[in-house]
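The values are calculated or read from the model by the stated rules, or taken from the named source; none is laboratory data. Since this is a predicted model, take the numbers as computed values, not measurements. Here the Cβ positions follow ideal geometry from the backbone for every residue, glycine too, while neighbour counts run over all protein chains shown. SASA here: full protein model, heavy atoms, side chains in, ligands and nucleic acids out. Shrake-Rupley method; radii C 1.70, N 1.55, O 1.52, S 1.80 Å.
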Amino acid sequence: MALKPEPTAPFHSVQYALRVLETVSKHGNGVTDAQISRETGLPTGHLASLLLTLRREGYVEQVSDGAYVIGASLLLLGSGAARRQALEDRLQHTLSELRDSVGAAVYLSRYVDGEVSVEQVADGPLTPAVNEWVDFRSSAHASAVGKCLLAQLDHDGRRDHISRHRTARLTSRTITNEKILFSQLDAQSATVPVLDLQEYAVGTVCAAVPLTAGSAAGCLALSLPIEDAHRLRAAAETLSRRAAPVLLSLAL
């Protein structure tokens with residue numbers, strides 16, 4: 001298979017998005033894009049695309065005079081159990097939209113307490129999730145999700161993980177040599193999707209992009225049946241471009 005990872009467009013800056021939301025929140029009666037630009041220091045060209053994303057996701061709204069106010073999605077993120085449920089619902093809705101956009105099952109994962117955790121999945125009859133025939137927690141060396149998360153750890157963190165989870169050969173393509181695996185992880189660019197070309201399961205290809213909110217390692221991934229492997233690169237690029245709302249929700 002001739003597929004090779006290629007650089008993808010960078011994510012919208014979540015830091016900038018938070019500064020914009022802080023500015024909008026300060027102005028209860030609304031604030032213009034020009035005022036937001038002055039207070040955040042963001043150039044109007046970059047701000048326009050950022051405001052479009054925030055409007056689409058419901059974090060800000062534009063009122064009749066053109067000013068911006070906080071949106072329903074931001075109001076939902078209050079505190080306690082209600083905030084947690086609202087965040088999960090919002091994430092699931094965003095993942096479902098991504099699933100439909102890329103035409104593949106989509107996964108949100110994190111590295112929690114030394115283990116790979118697939119926290120939310122958006123699949124469907126036409127976009128089935130990969131068959132988890134080996135626990136994702138013990139197959140990080142073979143899956144796109146696992147390799148993307150391991151790539152965000154330091155050397156000691158990777159060694160600790162591998163010491164607890166043997167690098168078993170799951171298919172003929174699985175990398176089991178620790179030196180080769182770590183070398184590939186070191187060479188992995190944050191702007192290039194991590195690929196799994198039938199390393200975890202025969203008949204399935206996957207791609208993952210990093211989602212780092214705070215100090216926690218996370219990733220967004222997709223899976224496709226081998227007959228759709230020709231769509232993997234384009235789907236991964238779309239996943240990367242559309243990851244900003246997911247990352248923003250995690251940061252909030």
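Restricting the stretch 182-225 to residues that are farther than 22 Å from residue 135 by Cβ and among the aliphatic types (A, V, I, L, M) leaves a set whose member that is modelled with the lowest pLDDT is 213. Within the option set 9, 81, 86, being hydrophobic (A, V, I, L, M, F, W, C) and either at pLDDT 85 or above or part of a loop (DSSP other than H, G, I, E, B) (or both) holds for one residue only, 9. Could you give me the residue pairs with C-beta distances under 7 Å whose first residue belongs to the stretch 111-134 and is without any contact (Cβ under 8 Å) to a residue 60 or more places away in the chain, whose second residue is part of a loop (DSSP other than H, G, I, E, B) wherever it lies, and which are 6+ apart or on separate chains? Listed pairs, sorted by first residue: 116/140; 121/129; 123/129; 127/103; 127/104. Residues in the stretch 174-183: is at least one over 19 Å from residue 112 (Cβ atoms) and buried (at least 21 other Cβ atoms within 10 Å of the Cβ)? No: zero hits. In the stretch 135-152 there is no residue matching the filter, namely being open to solvent by 30 Å² or more (accessible area, probe 1.4 Å), in contact (Cβ under 8 Å) with a residue 60 or more places away in the chain and hydrophobic (A, V, I, L, M, F, W, C). Looking only at the stretch 12-32, which residues are polar (S, T, N, Q), more than 22 Å from residue 247 (Cα to Cα) and either open to solvent by less than 40 Å² (accessible area, probe 1.4 Å) or at pLDDT 85 or above (or both)? 32, the sole residue that qualifies.
Take the residues of the stretch 12-54 that are assigned to a helix (DSSP H, G or I) and among the hydroxyl-bearing types (Ser, Thr, Tyr): which is nearest to residue 70 (Cα to Cα)?
25
Considering only residues in the stretch 33-60 that are polar (S, T, N, Q) and surrounded by 14 or more Cβ atoms within 10 Å (Cβ to Cβ), the one that is nearest to residue 246 (Cα to Cα) turns out to be 53.
Which residues, counting only those in the stretch 131-151, are out of contact with any strand residue (DSSP E or B) (no Cβ under 6 Å at 6 or more places or on another chain) and not acidic (Asp, Glu)?
Scanning the stretch 131-151 gives 131, 133, 134, 138, 139, 141, 142, 150, 151.
Scanning the stretch 112-128 for residues that are at negative phi, open to solvent by 30 Å² or more (accessible area, probe 1.4 Å) and more than 13 Å from the chain's Cα centre (by Cα) turns up 112, 115, 117, 123, 125, 126, 128. Taking the conditions exactly as written (without any contact (Cβ under 8 Å) to a residue 60 or more places away in the chain and at positive phi), does residue 203 satisfy them or not? For residue 203, the condition - without any contact (Cβ under 8 Å) to a residue 60 or more places away in the chain and at positive phi - is met.
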